[in-house]
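Everything below concerns the one structure shown next.
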Amino acid sequence: MSAAQKLRELLARPEIIVIPGVYDCLGAKLAQQSGFEVVATSGFGIAASTLGLPDYGFLTATEMLYSVGRIAQSITVPLIADLDTGYGNALNVMRTIKDAVQLGLAGVLLEDQEWPKKCGHFEGKRVVSLEEHAGKIRAAVEARGDSGLVIIARTDARAPLGLEAAIARGRAYIAAGADVLFVEAPQSVEELKAIASAFPDVPLVANIVEGGKTPEISTTELQQLGFKIVFFPLTALMAVTHVMNACFQHLKTQGTTANLPDLVTFKDFQELMGVPQFLQTEKRFADEK
């Protein structure tokens, strides 16, 4: 079964799908080890970790596809990739989607911001016309062929145009063939309820960014409202940043890593990376000389 088919099976279940955001292979492997059935890449996290820059559209299509392709290969659970705006017009979207299929991605996010895009919880976002993005969604549907790739249409119109405009765009994107709808950055529980009421039969995404614009309500509440997916795109990034900073501060001030708390053991890290299995394989081929 392909990754896309696995994701579609999960979407058919009644339960909400909780999906952590990752930005590298290590995080993806840890998420899978923790029992998550789907993971998603964070463009915000990939920009920060690979370029040391904010989510301001600095990543090229090549850089993003390289990163998400490596992450997809490192795990056996489905991966949803944040592919920004698709990196151009409908023709560019078609190429991006064909690459996504070849990389074995389960699903993709395509947003309606103008390029260069910004993090959905930053100020100053601008969006393309409804018609332009609906055309890009149609192009994505055509380009995926019979792969089953799940297309998640995201609208960032709430901030610049208001909630009603965002809902109108959502209807157009679903009509264009998107499988899942993602209205980014609603600003209250009432707005979350309005989105859910407007799309009773559409799989919906909620995006919880700690400190962002959307209220941090529980996954149980989101399921009761009618949401199908909840992303936590930056939680791991923020946690790792805190722990890494504390580690470096300890080393700088103490001059040693002795008594540094909460380190994974070297043995456990080798297990996570599959070192014992690689050693066995290496020995097997050496013995067959």
Return the residues of the range 43-73 that are open to solvent by 30 Å² or more (accessible area, probe 1.4 Å) and more than 15 Å from PRO116 (Cβ to Cβ); say none if nothing qualifies. ALA48, SER49, THR50, GLY52, THR62, TYR66, ARG70, GLN73
Return the only residue of ALA81, ALA3 being within 20 Å of ILE229 (Cα to Cα), of a type outside the set (D, E, K, R), open to solvent by less than 20 Å² (accessible area, probe 1.4 Å) and at pLDDT 95 or above. ALA81
Matching residues, the range 177-195, being among the small types (Gly, Ala, Ser) and buried (at least 19 other Cβ atoms within 10 Å of the Cβ): ALA178, ALA185
Taking THR76 as meeting all but one of (1) surrounded by fewer than 20 Cβ atoms within 10 Å (Cβ to Cβ); (2) of a type in the set (Ser, Thr, Tyr); (3) not in a loop (DSSP other than H, G, I, E, B), write down the number of the exception. (3)
Restricted to the range 85-142, and to residues that are among the polar types (S, T, N, Q) and over 21 Å from the mean Cα position of the chain (by Cα), which residue is farthest from VAL205 (Cα to Cα)? ASN89
Over the range 266-289, the set of residues open to solvent by 60 Å² or more (accessible area, probe 1.4 Å) and among the aliphatic types (A, V, I, L, M) is MET273, LEU279
Considering the range 249-265 alone, what residues qualify as being surrounded by fewer than 10 Cβ atoms within 10 Å (Cβ to Cβ) and under 23 Å from SER49 (Cα atoms)? LYS252, ASP262
Kindly indicate which of GLU123, GLU114, GLU131 is out of contact with any Phe, Trp or Tyr (no Cβ under 9 Å at 6 or more places or on another chain) and over 25 Å from PHE58 (Cβ atoms). GLU131
Are any residues in the range 200-211 within 23 Å of ALA12 (Cα to Cα), open to solvent by 10 Å² or more (accessible area, probe 1.4 Å) and not β-branched (Val, Ile, Thr), and if so, which ones? PRO200, ASP201, PRO203, ASN207
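Looking at this structure, is THR96 part of a loop (DSSP other than H, G, I, E, B) and in contact with a Gly (Cβ under 9 Å, 6 or more places away or on another chain)? Show your work before the answer.
Details: part of a loop (DSSP other than H, G, I, E, B): no; in contact with a Gly (Cβ under 9 Å, 6 or more places away or on another chain): yes.
Taking the combined requirement at face value, the residue does not satisfy it.
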Look through GLY104, GLY120 and report the one residue that is assigned to a loop (DSSP other than H, G, I, E, B) and surrounded by fewer than 24 Cβ atoms within 10 Å (Cβ to Cβ). GLY104
All but one of (1) in contact (Cβ under 8 Å) with a residue 40 or more places away in the chain; (2) touching a strand residue (DSSP E or B) at 6+ places or on another chain (Cβ under 6 Å) hold for LYS29; which doesn't? (2)
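The values are calculated or read from the model by the stated rules, or taken from the named source; none is laboratory data. It should be emphasised that the depicted structure is a prediction, and the values quoted were computed from it without experimental measurement. FYI the Cβ positions are ideal-geometry reconstructions off the backbone, even for glycines, and counts take in every protein chain you see. Areas reflect the complete protein model, heavy atoms only, side chains present, ligands, DNA and RNA absent. Shrake-Rupley method; radii C 1.70, N 1.55, O 1.52, S 1.80 Å.
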